[in-house]
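Below is one structure; the comments refer to it alone.
The values are calculated or read from the model by the stated rules, or taken from the named source; none is laboratory data. Owing to the predicted nature of the structure, the values given are computational and were not obtained by experimental measurement. Cβ coordinates were reconstructed from backbone atoms using ideal geometry, including for glycine residues, and neighbour counts include every protein chain displayed.
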Amino acid sequence: MPSQVQHDLLPTRTHDEGARQDYYMEIRRHLAVNVAGGNRAVYSNIVKPAFLRSHGREPKDRSEVRTEMTRQGYYQMYSAMQRHTQEMTWDSVIDSVERDLPRLTAQAKQKMANAKGTLTLDPAFKAPGYLTFYDIHLQPGGYHTTLADDDVASGALYDRATYMYSMGNLGPKTDYFGSSLLAHFKARFPHITPKRILDMGCTIGHSTLPWKEAFPEAEVYGIDVGESVLRYAHARAETMGVPVHFSQQNAERTNFADGFFDVVLSHIMMHETSTPAVPRIFAESRRVLREGGVMMHLDNPRLVGLPPFDAFLAEWEVHNNNEKFGGTYREMDIVVEAENVGFVKGKATLEYVALVVPARIMNYSTKGIQFPCLVGEK
Ligand SMILES: C[S@@+](CC[C@H](N)C(=O)[O-])C[C@H]1O[C@@H](n2cnc3c(N)ncnc32)[C@H](O)[C@@H]1O
């Protein structure tokens with residue numbers, strides 16, 4: 001597996017910090033490779049036969065599977081280890097961020113002083129409640145917390161920790177969601193050379209940068225809710241020589257003019273929003289698209305159609321990792337939601353995007369996994 005690219009904004013690691021971080025990434029890999037599969041054996045050999053005996057049928061949905069599996073010692077051990085590893089991933093990176101913060105802050109200032117891209121923050125901005133009422137996926141402070149005027153801490157924490165979370169499966173720059181969606185876009189819409197691209201929920205720009213690299217003439221915009229993550233995104237993009245325009249905005253209602261963009265995207269954002277937010281974001285995507293423009297919202301695998309046991313395992317994050325909306329979004333009929341906000345029937349489709357480099361290990365998931373993407377043509 002390639003190492004993470006050590007750019008100037010990434011927190012450095014002392015020997016001990018590195019050892020601890022590597023340990024938690026290895027535990028994570030061990031759980032995915034050697035432990036997660038045992039849950040299936042527990043289900044097939046113990047839980048399902050017992051359920052059949054007592055109910056005269058198999059569990060009908062993931063909720064019934066969960067009720068039974070959460071009583072099993074094996075699953076309890078697996079789940080507790082997963083949760084602990086997630087907590088310790090953040091915890092182990094916080095040490096590096098706190099130690100390295102003066103250097104990171106100075107680096108960010110220097111990069112921003114000579115920037116080709118821009119950063120627009122809104123001091124009056126209020127992040128939506130679905131992102132602030134708990135620490136989403138257990139990240140201390142979530143995406144929105146800002147500790148100081150020139151803060152980059154949340155962004156630095158996110159950069160290292162998401163590499164660990166993905167076990168390096170998203171590449172040395174954690175950008176495979178971006179490059180994979182880009183490859184799908186190029187194959188689907190070879191006739192479009194976008195002049196303006198919007199990436200909603202860009203966090204620190206991991207997935208945004210491949211779009212600017214692929215279309216250097218285009219103006220590429222990234223929006224998110226957090227001041228610290230956006231400042232980090234801006235400085236990181238400048239460090240990598242890929243200028244992007246970042247701004248603090250809610251994807252439900254932005255300040256871009258009607259028809260401003262050729263392409264509007266999101267990578268793994270939608271499942272962290274809410275039921276009322278989804279149609280608003282689709283409507284906003286449509287509003288800011290020009291006629292003939294394209295919307296693409298890529299997200300985690302659907303739960304609909306999965307066998308109950310697989311759906312149960314696939315929604316571990318919903319119950320244990322503060323991603324409460326993750327289950328609902330992955331069941332919503334998002335094509336109908338898109339049609340409801342004005343996408344013409346047949347012009348909104350659910351498509352499947354393969355990672356450019358297939359993940360060798362995904363958490364409790366299958367090889368060759370494909371990521372569903374709502375594609376809408378205006
Ligand atoms: C899992 S992260 C996405 C990561 C990023 N797109 C990538 O591919 O690396 C989800 C992001 O969506 C942002 N987000 C969620 N709802 C949003 C909204 N209504 N407006 C703007 N950003 C939002 C969160 O703040 C968070 O940074």
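Of the residues 230, 298, 209, 265, which single one is within 16 Å of the chain's Cα centre (by Cα), over 23 Å from residue 130 (Cα atoms) and within 13 Å of the ligand (Cβ to nearest atom)? First the steps, then the outcome.
Values: 230 fails: over 23 Å from residue 130 (Cα atoms); 298 fails: over 23 Å from residue 130 (Cα atoms); 265 fails: over 23 Å from residue 130 (Cα atoms).
Every option except 209 fails the conditions.
Identify all residues within region 14-62 that are among the hydroxyl-bearing types (Ser, Thr, Tyr), surrounded by 12 or more Cβ atoms within 10 Å (Cβ to Cβ) and more than 21 Å from residue 157 (Cβ to Cβ); write none if there are none.
Looking only at region 14-62, we keep the residues that are among the hydroxyl-bearing types (Ser, Thr, Tyr), and these are 14, 23-24, 43-44, 54.
Going one step further and asking which of them are surrounded by 12 or more Cβ atoms within 10 Å (Cβ to Cβ), we end up with 14, 23-24, 43.
If the condition is that a residue be among the hydroxyl-bearing types (Ser, Thr, Tyr), surrounded by 12 or more Cβ atoms within 10 Å (Cβ to Cβ) and more than 21 Å from residue 157 (Cβ to Cβ), then 43 is the only one that fits.
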Item to complete: Please state which of the following conditions residue 178 fails to meet, knowing it meets all the rest: (1) away from the ligand (no atom under 11 Å from the Cβ); (2) touching a helix residue (DSSP H, G or I) at 6+ places or on another chain (Cβ under 7 Å); (3) at pLDDT 95 or above.
Response: (1)
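Of 275, 328, 349, which residue is β-branched (Val, Ile, Thr), under 21 Å from residue 182 (Cβ atoms) and surrounded by fewer than 22 Cβ atoms within 10 Å (Cβ to Cβ)? Steps first, answer last, please.
On the way: 275 fails: under 21 Å from residue 182 (Cβ atoms); 328 fails: under 21 Å from residue 182 (Cβ atoms).
Just a single option satisfies the conditions, and that option is 349.
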Practice prompt. Return a yes/no flag: does region 157-170 have any residue that is in a helix (DSSP H, G or I) and either in contact with a Cys (Cβ under 6 Å, 6 or more places away or on another chain) or farther than 29 Å from residue 32 by Cβ (or both).
Written response: no
Worksheet item: Is it true that residue 147 is among the hydrophobic types (A, V, I, L, M, F, W, C), modelled with pLDDT under 95, within 10 Å of the ligand (Cβ to nearest atom) and part of a loop (DSSP other than H, G, I, E, B)?
Response: no
Fill in: Qualifying positions in region 47-77 - part of a loop (DSSP other than H, G, I, E, B), within 20 Å of residue 318 (Cβ to Cβ) and out of contact with any Pro (no Cβ under 8 Å at 6 or more places or on another chain)
70, 71, 72
Worksheet entry | Long-range neighbours under 7 Å by Cβ, at least six apart or interchain, first residue more than 18 Å from residue 296 (Cβ to Cβ) within region 334-360, second part of a loop (DSSP other than H, G, I, E, B) | 357/171; 358/367; 358/368; 359/169; 359/369; 360/169
Practice prompt. Would you check which residues across region 238-256 are away from the ligand (no atom under 14 Å from the Cβ) and among the charged types (D, E, K, R) and list them?
Written response: 238
Worksheet entry | Filter pass, residue 162 being surrounded by fewer than 19 Cβ atoms within 10 Å (Cβ to Cβ) and either among the polar types (S, T, N, Q) or in contact with a Phe, Trp or Tyr (Cβ under 7 Å, 6 or more places away or on another chain) (or both) | no
Worksheet item: If you check every pair at least six apart or on different chains, which have Cβ atoms under 6 Å apart with a residue in region 220-232 that is among the hydroxyl-bearing types (Ser, Thr, Tyr) first and a residue that is within 11 Å of the ligand (Cβ to nearest atom) and outside any strand (DSSP E or B) second?
Response: 228/154; 228/155; 232/155; 232/204
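Of 115, 106, which residue is modelled with pLDDT of 90 or more and exposed (fewer than 13 other Cβ atoms within 10 Å of the Cβ)?
Details: 115 fails: exposed (fewer than 13 other Cβ atoms within 10 Å of the Cβ).
Only one candidate passes the filter, namely 106.
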Worksheet item: Yes or no: residue 119 under 26 Å from residue 220 (Cβ atoms) and touching a residue at least 60 places away in the same chain (Cβ under 8 Å)?
Response: yes
Response to the item:
Taking region 96-116 and keeping only residues that are within 26 Å of residue 212 (Cα to Cα) and either without any contact (Cβ under 8 Å) to a residue 40 or more places away in the chain or under 23 Å from the mean Cα position of the chain (by Cα) (or both), one is left with 106, 110, 113
Worksheet item: Does region 128-142 include one or more residues that are within 20 Å of residue 244 (Cα to Cα) and within 9 Å of the ligand (Cβ to nearest atom)?
Response: no
